[in-house]
Amino acid sequence: MKKKLLAALLSTAMVAALLSGCGSSSSSSTTETETEETEEAEETEEAEEAEEETEEAVDYSGITLEIVSKGLQHQYWQAVLQGVESKAEELGVSVNFVGPDSESDIQVQVTEFQAALDANPSAIGLAALDTEAVSDLLEQAAEAGIPVIGFDSGVPDAPEGSVYATCATDNYAAGELAAEKVYEAIEDRIANADGSVRIGVVAQDATSESVINRGLGFIDKMGELVEASSKTVGMASNSNEKYISDSALEADDSADVIIEVLVPASVTSELSATDATTLMNKEDTIAIYGSNEHSANAMITANENLGVLGTGDDQIIAAGFDSGASIKAAVADGTFLGAITQAPVAMGEILVELMVAAAMGEEVEDVDTGCQWYTAENMEDEEIAQNLYD
């Protein structure tokens, strides 16, 4: 990798020097100019060929990567795995990808991380369910000189120096984008409401950084937009404490717009569907948001019995996150207004690239893998469709 970088720098320097020489020879004859251009082209081509040879000469076959995800059950993680395997095959590195059966199985992930550490790999990738639970192991990795790269939610508040970089969606910004799109659909309802209206948030948990930030981004942006319309907004007092304490809003059950966040006692489809049903059954609910695939699917399940979601004036506006088959179908048929998609395949590819670079001793930086809002109208567009996974 260092040789590759050196070759690239030498090539760039050579081209720059040659171009500078051309600029100072304005009085040269046409023949001389053509000769110089030919020489430049030949030398540049030689430099590029040298760089390609250097790239081909790098052997990554001895690099072993251990990746611990939050799970394997959701289609999102399967898409990340697809990207990981594709890039690992391209680079010729060995990779082991694991995750617990449920994203509430924190102790299982701790055990998997311990096993990854015991394997003494070249680098470890980690999407932590709970940073505190793996804090001691992160310190052990740092002491052993094993670089850790965070992905998805990463490893927030990890021991200093233990996590080299993170590749992830800016989850807070993604939540803000969802709020902006939902607000556009309910702005008139809020403005014309005689009494208070409610916006529900179904959150899988209050421990995962990605899920929390997607919720907080949605809550804070929605609050900002509502306040700009001269309406009051507050959190329902029965909302999850984490979301009340970390959001920019105060608890206020008398506000014009009430945002209520429900989190299940444990991460199961049944409990999350119950939370969604509770929110969708309230007469003043005009919108609902699910901050990951699990929560969005819970909203779909609840609606199978209630039939209240849609884009009509008398229906509850719904927005999801991620793009599994059920969510895409809900967007396509108008059950959901739209949803946020990440780029999980690209995330898996970038994760492997960062891990290999860190293993080779190169400096690495955080990478925002981006997000997009998709609807029934744009989900077939090439730019969007490439990031919609099943």
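Seen through its C-alpha gyration tensor, with square-root eigenvalues sorted a ≥ b ≥ c, segment 134-225 comes out prolate because a/c lies at 1.5 or above while a/b is bigger than b/c. Protection proxy ranking, highest mean first, for peptides 96-103, 323-330, 344-351: 344-351, 323-330, 96-103, where packing is the per-residue count of other beta-carbon atoms within 10 Å, averaged. Tell me the label-point distance for the pair GLN82, ASP118, using the 7 Å Cα-to-Cβ offset, in nm and rounded to one decimal. A separation of 3.3 nm, rounded to one decimal place. Each part gets one Cα centre, and for segment 272-288 versus segment 332-361 those centres are 30 Å apart. The length gained by stretching the chain between ASP130 and ALA144 to full extension, at 0.36 nm per residue less their Cα-Cα distance, is 2.9 nm. Close amide H partners of VAL233, meaning residues 5 or more places away or on another chain with modelled amide H under 5 Å apart, are ASP256, VAL257.
For ALA165, the amide hydrogen comes within under 5 Å of the amide hydrogens of GLY150, counting only partners 5 or more places away or on other chains and with H modelled in the peptide plane.
Note on the chain: lysine pairs with Cα distance below 19 Å, sequence gap of 8 or more or different chains, count 6.
The HN-Hα couplings worked out from phi for segment 333-341 by the Karplus form 6.51 cos²θ - 1.76 cosθ + 1.60 (θ = phi - 60°) are 9, x, 5, 9, 4, x, 7, 9, 10 Hz, whole numbers, x standing for Gly and Pro.
Does segment 153-295 classify as rounded, prolate or oblate by the C-alpha gyration tensor (a ≥ b ≥ c root eigenvalues; a/c under 1.5 gives rounded; else a/b over b/c gives prolate, otherwise oblate)? Provide the component values of the computation, followed by the final result.
Values: a/c = 2.06, a/b = 1.54, b/c = 1.34.
Here segment 153-295 falls in the prolate category.
A value for Cα extents along the principal axes in Å was derived from the coordinates, and within the list (1) 82, 57, 34; (2) 149, 41, 40; (3) 57, 52, 41 it appears as (1).
Label zone (ALA251, point 7 Å along Cα-to-C-beta; backbone nitrogen cut-off 20 Å) within segment 279-294: 279. Once the Cα-Cα distance is subtracted from the 0.36 nm per residue extended length, the SER237 to THR268 segment shows a gain of 8.8 nm. For ASP381 and ASN192, the difference between the fully extended length at 0.36 nm per residue and the C-alpha to C-alpha distance is 64.6 nm.
Judged by the ratio a/c of the largest to the smallest principal axis of the C-alpha gyration tensor, segment 252-390 counts as prolate, that ratio being 1.5 or greater while a/b is larger than b/c.
What helices does the chain hold that run 15 Å or longer along their axis, going by alpha-carbon atoms, with a Kyte-Doolittle average of 0.5 or more, using DSSP H for the helix calls? Show your work: numbers first, answer last.
Details: long enough: 2-23 (32 Å, 1.16); 30-57 (40 Å, -2.04); 75-91 (24 Å, -0.51); 106-118 (18 Å, 0.38); 131-144 (19 Å, 0.00); 171-192 (31 Å, -0.37); 209-228 (28 Å, 0.18); 269-280 (16 Å, 0.20); 293-306 (20 Å, -0.47); 344-359 (22 Å, 1.67).
Qualifying helices: 2-23, 344-359.
Adding -39500 (n - 2.57) for every DSSP H run of four residues or longer, then dividing by how many residues the chain holds, sets the calculated 222 nm ellipticity at -16500 deg cm²/dmol.
In the calculated pair distance distribution of segment 85-125, what percentage of Cα-Cα distances lie above 15 Å?
Looking at segment 85-125, the distances longer than 15 Å represent 49 percent of pairs.
Taking a probe of 1.4 Å, how large is the accessible area per residue of the chain, in Å²? All intermediate terms of the calculation are to be shown ahead of the outcome.
Values: 17630 Å² over 390 residues.
On a per-residue basis, the chain sits at 45 Å².
The values are calculated or read from the model by the stated rules, or taken from the named source; none is laboratory data. Nothing here was measured: the structure is a model prediction, and the numbers come from that model. Cβ coordinates were reconstructed from backbone atoms using ideal geometry, including for glycine residues, and neighbour counts include every protein chain displayed. For the accessible areas, the whole protein counts, side chains as well, though only heavy atoms, and no ligand, DNA or RNA atoms are used. Shrake-Rupley method; radii C 1.70, N 1.55, O 1.52, S 1.80 Å.
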